[in-house]
Amino acid sequence: MSAPAHTIVFTPSGRRGEVPDGASVLDAARALGVDLDSVCGGRGICGRCQVVPMEGSFPKHGLTSAADHLIPFTEPEERYRERDGLDADRRLGCHAKICGDLVVDVPPESQIHRQVVRKEADAHAIEVDPIVRLHYVEVEEPTLASTGGDLERLLAALERDWDLTGLDVDPVVLPGLQQTLRAGAWTATVAVRGDSLITAVFPGFHDVALGIAFDVGSTTVAGHLCDLHTGDVLASAGSMNPQIRFGEDLMSRVSYVMMHPGGEVELTAAVRECLDQLVGDLCAQADASRDDVLELVVVATRSCTTWCSGSIRPSSVARRSRRSPTGRSPSRPAICRSPPTPARVSTRCR
Ligand code: FES
């Protein structure tokens, strides 16, 4: 009697087919023409064949997938994890054997021919008016006679030299403030957002302030690293939107969230990881430090914006009820201005 067959669906390619019980994910990928990398030929050494088994019911594919539809973690996978690290949700496709129906995602780094999305910024004349500005100050050194903490002395210097009053301080600034002031011999450069919030303090004189503009589309994400002083675009990078593994279009993703409790958290985590990687790529291209990135602006469709901010349940986009009429015309968002986000991140609907 021949071994039972299982259905396997690969994302984001959408390729599917029947494979015999006990076939490895790598074998299945090869049989179905799926782009899954391998350098060591399936020896569990290179780690290029990493895949993510998906959990849950996938009506679109007509199957239910679970991580245990692969055999338990194998010894070579354990060795690889100890030696090189392997995310908890990942398996090595060459050793993970199929024992049930499965939807499996091939992350971009496991694809041989991954798409490199390049989106150039359209440069045109703009008025440079950054919301974040740098202010150099000389701070009064503490003495036995002086009271007040380092922050108070810094605020006093900003008021004295720059007429900045009533400033708030981003809590991320405080833990390093004392070291920063001493490292700069009581001189510092302070990044102030909107003349109201201190978002960074650098020791001594510092004249680099960068910002990143992200355009988050349903298929691709583009980022442009800009010099906030000159307005120059220093680097551009793009990537596929990893949310594609939850659905090829926005409504499929909304539907995924509605059918998978906690799905919105997965969507938010996926796009944030993508943005974080792009920040790294952009800084590497421009030989810049992440610490100098003082502002992010994210432009996206309404549902993408909520998934980026993680602050609003996107399923409301599709619900049809009197209280949440956004599933029918006229569509209304939960919020029209930027959703609440950390000080350095602004999000905008388009
Ligand atoms: S193909 Fe090299 S680790 Fe799987």
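Principal axis extents of the Cα atoms in the stretch 132-203, from largest to smallest and rounded to whole angstrom, are 35, 22, 19.
Near the amide H of residue 63, within less than 5 Å, lie the amide hydrogens of 58, all on another chain or at least 5 residues away, with H placed in the peptide plane.
Sparsely packed loop sites in the stretch 9-61 (the trypsin sites (Lys or Arg not before Pro) outside DSSP H, G, I, E and B with at most 13 other Cβ atoms within 10 Å) comprise 43. The value given for the stretch 145-299 is a Kirkwood hydrodynamic radius of 18.0 Å, derived from the mean inverse Cα-Cα separation. The simple spin-label model puts a point 7 Å past each Cα toward its Cβ; for residue 75 and residue 156 those points are separated by 7.0 nm.
Any chance you could run the full-extension gain for residue 140 through residue 195? It's 0.36 nm times the residue separation minus the Cα-Cα distance, nm to one decimal. Numbers along the way, then the final one.
On the way: separation 55, 0.36 × 55 = 19.80 nm, distance 2.17 nm.
My answer for the length gained is 17.6 nm.
Pull out a ≥ b ≥ c, the square roots of the eigenvalues of the alpha-carbon gyration tensor of the stretch 1-49, then state rounded if a/c is under 1.5, prolate if not and a/b is larger than b/c, and oblate in the remaining case. Here the stretch 1-49 falls in the oblate category. Between amide H atoms placed 1.01 Å from N, distances below 5 Å from residue 36 occur with 112, all of them 5 or more places distant or on a separate chain.
On the beta carbon distance between residue 84 and residue 220, with R0 = 51 Å, the FRET formula returns roughly 0.95.
The stretch between residue 5 and residue 276 holds 93.6 nm of extra length on full extension. This uses 0.36 nm per residue minus the Cα-Cα distance.
In the stretch 5-110, inverting the average of 1/r over every pair of distinct C-alpha atoms gives 13.4 Å as the Kirkwood radius.
Among the GluC sites (Glu not before Pro) found in the stretch 12-87, those both in a DSSP coil and sparsely packed, with 16 or fewer other Cβ atoms within 10 Å of their Cβ, are 55. Counted by neighbouring Cβ atoms within 10 Å, the residues 165, 180, 301 run from fewest to most as 165, 301, 180.
Available extension along the chain between residue 230 and residue 163 is 21.7 nm, counting 0.36 nm per residue and deducting the alpha carbon span.
Read the figures in this text as sums done on the coordinates, not as results from a lab. Being a predicted model, the structure only gives us computed values, none of them experimental. Neighbour counts are summed over all protein chains in view; Cβ atoms, including those assigned to glycine, are modelled from backbone coordinates with ideal geometry.
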